[in-house]
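Below you'll find the structure, written out as structure tokens, and then a few comments.
Readers should treat all values here as calculations from the given coordinates under stated rules, not as data from a laboratory. For clarity, every value in this text was computed on a predicted model and none was experimentally measured. A quick note on method: Cβ atoms are made from the backbone with ideal geometry, for glycine too, and the neighbour counts reach across all protein chains shown.
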Amino acid sequence: MDKDHFIIEKKRFKSRLIVGTGKYKSFSECAKAVKISGADIVTVAVRRVNITDKKKPLLMDHLDPKKITYMPNTAGCFTSNEALRTLRLAREIGGWKLVKLEVLGDKKNLFPDMEETLKSTNVLVKEGFKVMVYCNDDPLAAKKLEDAGASAIMPLASPIGSGLGILNKVNIKIIRKQTKLPLIIDAGIGDAADAAEAMQLGCDGVLVNTAIAKSKKPLLMAEAMKLAVISGRKSYLAGRIKFNFFGSPSSPKKGII
Amino acid sequence: MTKKNKIKIKVNGKFISVNSQSTVKNILIGKKIPINKVAIELNKEILNKSKIDKIKLKSKDIIEIVHFIGGG
């Protein structure tokens, strides 16, 4: 297990769990949850500075970007141009090149607009960004992103924040078989079992935000997610037994009295 | 200072009145914004933070100052 590293763009990470930093009650609760989760990558959003309330706490004061890898996202962007603008600004804040691209297509279900996503990926790769791309659980879309130079494929399990779990396990497995890129389930995880399941399907990592932040006890769920990802990964590497529709006794028949 | 020396600019969607000789850096310092934790756009163009002390503002300039917040 020591040699089982999680590598993105030649950088080695200890944890296969990536956590989002949104929806927490406070930055302090968020920072505690991140610590307990063991994640060494967090997603962050780019927004206007509040120029009237100077005392508003800053995320960077709670989560030190020198100790944890910030992965800026493009949440809330519905066009390629908006996403590009956001990530160029993010890079200017502190030189970050590892980014999470998400271009949404529908305000209600938050499904990604894959046409705009692919367009943005092409431009960002040319500009030197390392792009981890939120996408549909569609093997063809994933292949196109890989060909465009994406650094990681991040298909949804189900709609963002829905907690519906992995809806299309077969597609996730197909994407697993076709790509050597890091495959990370992003969005839709509801509980620790979902996270473990993603890992058992062969994903390299899981990105979780709402399932931790909006659980009744975020710090406890952060720990549960950490353990689920470790457990799911080990289970995947160990290899499950074949499905068998008849019973097979676990105790030997020989020597029965 | 007379009104003549003032110009109106827009910062993060809000109109403010500033000294006509102001640079972008003056605005950030005036608003107590930590420059190392933000990115700045002037009229939709991203600025190199090491040069913002040399950029003088004009009337109707639009500045956007962004930083990282919690997000998924």
- Note on the structure: Taking segment B:45-56 and keeping only residues that are over 17 Å from residue A:47 (Cβ atoms) and within 14 Å of chain A (Cβ to nearest Cβ), one is left with B:45, B:47, B:48, B:49, B:50, B:51, B:52
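Condition check ((1) outside any loop (DSSP other than H, G, I, E, B); (2) more than 8 Å from chain A (Cβ to nearest Cβ); (3) of a type in the set (D, E, K, R)) across all residues:
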site	(1), (2), (3)
B:4	yes, yes, yes
B:7	yes, yes, no
B:15	yes, yes, no
B:26	yes, yes, no
B:33	no, no, no
B:40	yes, no, no
B:58	no, yes, yes
B:63	yes, yes, no
B:69	yes, no, no
- Those residues of segment A:229-257 which are free of Cβ contacts under 8 Å to residues at least 24 places away in the same chain and of a type in the set (Ser, Thr, Tyr), in sequence order: A:248, A:250, A:251
- Output yes when any residue across segment A:1-20 is surrounded by 16 or more Cβ atoms within 10 Å (Cβ to Cβ), in contact with a helix residue (DSSP H, G or I) (Cβ under 9 Å, 6 or more places away or on another chain), within 19 Å of residue B:37 (Cβ to Cβ) and touching a residue at least 24 places away in the same chain (Cβ under 8 Å), and no when none is. no
- Task: Would you kindly identify the helices (runs of 4 or more DSSP H) lying entirely within segment A:108-208 that contain at least 2 residues that are of a type in the set (S, T, N, Q) and surrounded by 20 or more Cβ atoms within 10 Å (Cβ to Cβ)?
- Result: A:114-126
- Quick one: in segment A:50-75, of everything that is within 25 Å of residue A:120 (Cα to Cα) and in a loop (DSSP other than H, G, I, E, B), which residue is nearest to the other protein chains (Cβ to nearest Cβ)? A:75
- Message: Go through segment A:22-49 and report how many residues are within 19 Å of residue A:88 (Cα to Cα) and in a strand (DSSP E or B).
- Response: 7
- Consider residue A:216 against the criteria (1) farther than 20 Å from residue B:70 by Cβ; (2) without any contact (Cβ under 8 Å) to a residue 24 or more places away in the chain: it satisfies all of them except one. Which criterion is unmet? (1)
- Message: Can you tell me how many residues within segment A:21-63 are surrounded by fewer than 16 Cβ atoms within 10 Å (Cβ to Cβ), farther than 20 Å from residue B:35 by Cβ and charged (D, E, K, R)?
- Response: 3
- Item | Tally, over segment A:89-107, of residues that are in contact (Cβ under 8 Å) with a residue 24 or more places away in the chain and in a helix (DSSP H, G or I) | 5
- Message: If the requirement is being closer than 23 Å to residue A:224 by Cβ and among the hydrophobic types (A, V, I, L, M, F, W, C), which of these qualifies: A:110, A:181, A:164?
- Response: A:164
- Identify, please: which residue in segment A:27-49 is in contact with a Phe, Trp or Tyr (Cβ under 6 Å, 6 or more places away or on another chain) and within 7 Å of another protein chain (Cβ to nearest Cβ) and is, among those, farthest from residue B:30 (Cα to Cα)? A:30
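Run down A:226, A:173, A:180 and say which single residue is touching a helix residue (DSSP H, G or I) at 6+ places or on another chain (Cβ under 9 Å), charged (D, E, K, R) and touching a residue at least 24 places away in the same chain (Cβ under 8 Å).
Criteria check complete, one pass: A:226.
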